[in-house]
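Down below is the structure, laid out as structure tokens.
The values are calculated or read from the model by the stated rules, or taken from the named source; none is laboratory data. What you are looking at is a predicted structure, and each value in this text was computed from that prediction instead of being measured. Cβ coordinates were reconstructed from backbone atoms using ideal geometry, including for glycine residues, and neighbour counts include every protein chain displayed. Surface areas here come from the heavy atoms of the whole protein model, side chains and all, with no ligands, DNA or RNA. Shrake-Rupley method; radii C 1.70, N 1.55, O 1.52, S 1.80 Å.
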Amino acid sequence: MSIKKDWAAKVLKREKVANKTYELTVSKPEGFEYEVGQYVNFKFPEPYFETKDNMMRPLSIASHPKEDVLKFVVRESESDFKKMYKEIKTGDPVSLFGPLGNFIPVEIPKDQNIALLISGIGIAPVLPFFKKLKDEKHEGKIKLFYSNRTPDIVTYDKELENYPLGDNYEYIKVLTGVQKRIDGDFIEAHVGDLNNYVYYIVGTKDFIKSMRTALKDKGVDNKKVKIDNFG
Ligand SMILES: Cc1cc2nc3c(=O)[nH]c(=O)nc-3n(C[C@H](O)[C@H](O)[C@H](O)COP(=O)(O)OP(=O)(O)OC[C@H]3O[C@@H](n4cnc5c(N)ncnc54)[C@H](O)[C@@H]3O)c2cc1C
């Protein structure tokens, strides 16, 4: 891993990946090394307009360390940061402080069963995580519970549906506009004995609280729960 500092990068591409959801590809600064699941404090040093916003947000790195670019994925909002994210042009500068965090362990036992409980834009670290598991020829089960309100905002849906992780992989899409929210019984129906899994939860603090409670109420040991809290 590289030292934590401000790294200068440039925007290479912006792509709409779901309704109101944009992926930004930026150059990978020379020497910037990170682990899957880390994030940076992502800053726009030269906003196009006057603002009181500090123009910095923590963002998960949505690319894999082996890629020669960095990717980020963000859901639109009314904030000036998000406005800039939507407007920034190819070639313009961004600044990345990091890498930060240790959400996903570097070493994952090959036979560990993994359940990911993800809501909305919490999907950001999941594709690089899948690549890591694929590269490591992971043998345990991998269950992705991905919750969104409506189908139009399900981000990376096709990639997730077709991810080549073999028969041990199951993609469980939950649309809360028409379905019940994820709860302990629902998780249990898909994984069986809940204590046979390690859980990775990513999303807003309310989602995390609700998933933690669901697992706790089912007797899951807290040591088996890893959290990436997007706030
Ligand atoms: C580790 C981590 C990884 C994240 N990864 C992603 C990601 O990949 N994609 C994504 O869309 N979002 C991610 N987030 C959330 C993101 O940082 C924003 O908080 C969120 O997108 C809302 O920002 P906003 O500008 O729309 O809303 P705002 O209303 O401006 O902010 C929403 C919340 O963020 C807080 N906030 C505002 N500025 C900052 C700041 N500079 N630092 C910390 N908090 C601040 C506000 O206090 C408020 O609670 C991540 C958060 C964390 C902590």
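What residues have an amide H closer than 5 Å to that of LYS28, excluding those fewer than 5 places away on the same chain, when H is modeled at 1.01 Å from N in the peptide plane?
So LYS28 has HN proximity to LEU70.
Considering all projection directions equally, how large on average is the shadow of the alpha-carbon convex hull of the stretch 5-100, in square nanometres?
Numbers: hull surface 23.1 nm².
Convex hull of Cα atoms, orientation-averaged projection: 5.8 nm².
State, as an integer percentage, the relative contact order of the chain based on alpha-carbon contacts under 8 Å between residues 6 or more apart.
Details: 463 pairs, mean separation 45.1, N = 231.
Dividing the mean separation by the residue count of the chain yields 20 percent.
Need the full-extension length gain, LYS224 to LYS180, defined as separation in residues times 0.36 nm minus the C-alpha distance. One decimal, nm.
On the way: separation 44, 0.36 × 44 = 15.84 nm, distance 2.46 nm.
The span from LYS224 to LYS180 would gain 13.4 nm if fully extended.
Percent relative contact order of the stretch 17-95, based on C-alpha pairs within less than 8 angstrom and at least six residues apart? Could you put the intermediate results ahead of the total?
On the way: 111 pairs, mean separation 29.8, N = 79.
Reported as a whole number, the value is 38 percent.
Accessible surface of VAL106 in the full protein assembly, 1.4 angstrom probe, to the nearest 10 Å²?
80 Å²
What shape does the stretch 1-55 take by its C-alpha gyration tensor, where a ≥ b ≥ c are the square roots of the eigenvalues and a/c under 1.5 counts as rounded, a/b above b/c as prolate, and the rest as oblate?
Oblate.
With 10 Å bins from zero, work out the P(r) of the stretch 60-122 over every alpha carbon pair and list the percent per bin.
Computed distribution, short to long bins: 14, 40, 33, 11, 3.
With every protein chain kept in place and ligands, DNA and RNA left out, what is the accessible area per residue of the chain? Probe 1.4 Å, answer in Å².
Details: 11660 Å² over 231 residues.
Normalised by residue count, the accessible surface of the chain is 50 Å².
Along the three principal axes, how long is the chain when you take its alpha carbons, biggest first, rounded to the nearest angstrom?
Cα extents, longest axis first: 52, 37, 30 Å.
Rounded to the nearest 500, what is the chain's calculated 222 nm mean residue ellipticity when only DSSP H runs of at least 4 contribute -39500 (n - 2.57) each, over all residues? Mind showing how you got there, number by number?
Details: 5 runs with 44 residues, N = 231.
Taking each H run of at least 4 residues, the total per residue is -5500 deg cm²/dmol.
Using the Cα gyration tensor of the stretch 144-195, with a ≥ b ≥ c the square roots of its eigenvalues, what is the shape: rounded (a/c below 1.5), prolate (a/b larger than b/c) or oblate (neither)? Mind showing how you got there, number by number?
On the way: a/c = 3.31, a/b = 1.07, b/c = 3.11.
Since a/c reaches 1.5 but b/c is at least a/b, the shape of the stretch 144-195 is classed as oblate.
Whole-Hz Karplus ³J(HN,Hα) for the stretch 96-103, in order, using 6.51 cos²θ - 1.76 cosθ + 1.60 and θ = phi - 60°, x for Gly and Pro?
Working through the residues one at a time gives 10, 9, x, x, 10, x, 8, 4 Hz.
So, counting K/R as plus one and D/E as minus one, what does the shell of residues with Cβ under 13 Å around LYS89 add up to? All intermediate terms of the calculation are to be shown ahead of the outcome.
Values: positive: LYS10, LYS13, ARG14, LYS86; negative: GLU46, GLU87, ASP92.
Value of the local net charge: +1.
List the residues, sorted by chain then number, that are 5 or more residues from LYS141 or on another chain and whose placed amide H is less than 5 Å from its amide H.
ASN113, ILE114
Rounded, prolate or oblate: pick one for the stretch 112-231, where a ≥ b ≥ c are the square roots of the eigenvalues of its C-alpha gyration tensor, a/c under 1.5 means rounded, and failing that, prolate if a/b is larger than b/c, else oblate. Display every interim value, and only then the final one.
On the way: a/c = 1.45, a/b = 1.06, b/c = 1.37.
The shape class here is rounded.
In the neighborhood of ALA115, defined by Cβ-to-Cβ distances under 10 Å, what is the net charge if each Lys or Arg adds +1 and each Asp or Glu adds -1? All intermediate terms of the calculation are to be shown ahead of the outcome.
On the way: positive: LYS141, LYS143, LYS224; negative: GLU170.
With Lys, Arg at +1 and Asp, Glu at -1, the net is +2.
For GLU188 paired with PHE97, estimate the spin-label separation in nm (one decimal), with each label point 7 Å from Cα along the Cα-to-Cβ line.
For the pair GLU188/PHE97, the computed spacing is 4.5 nm.
How large is ³J(HN,Hα), in whole Hz, for each residue of the stretch 49-65 in order, when computed from phi with the Karplus curve 6.51 cos²θ - 1.76 cosθ + 1.60 and θ = phi - 60°, using x for Gly and Pro?
After applying 6.51 cos²θ - 1.76 cosθ + 1.60, I find 9, 5, 7, 9, 5, 6, 6, 9, 9, x, 10, 5, 7, 9, 10, 9, x Hz.
May I ask you to give the percent of accessible area on the chain that is carbon plus sulfur, with a probe radius of 1.4 Å? Show your work: numbers first, answer last.
Working: 5490 of 11660 Å².
Looking at the chain in its full context, I get 47 percent from C and S.
May I ask what percent, to the nearest 5, of DSSP beta bridges between residues of the chain are antiparallel?
Given both bridge residues lie in the chain, the antiparallel proportion sits at roughly 55 percent.
Could you sort TYR199, TYR169 by accessible area so the largest value comes first, with the probe set to 1.4 Å?
Accessible-area ranking of TYR199, TYR169, largest first: TYR169, TYR199.
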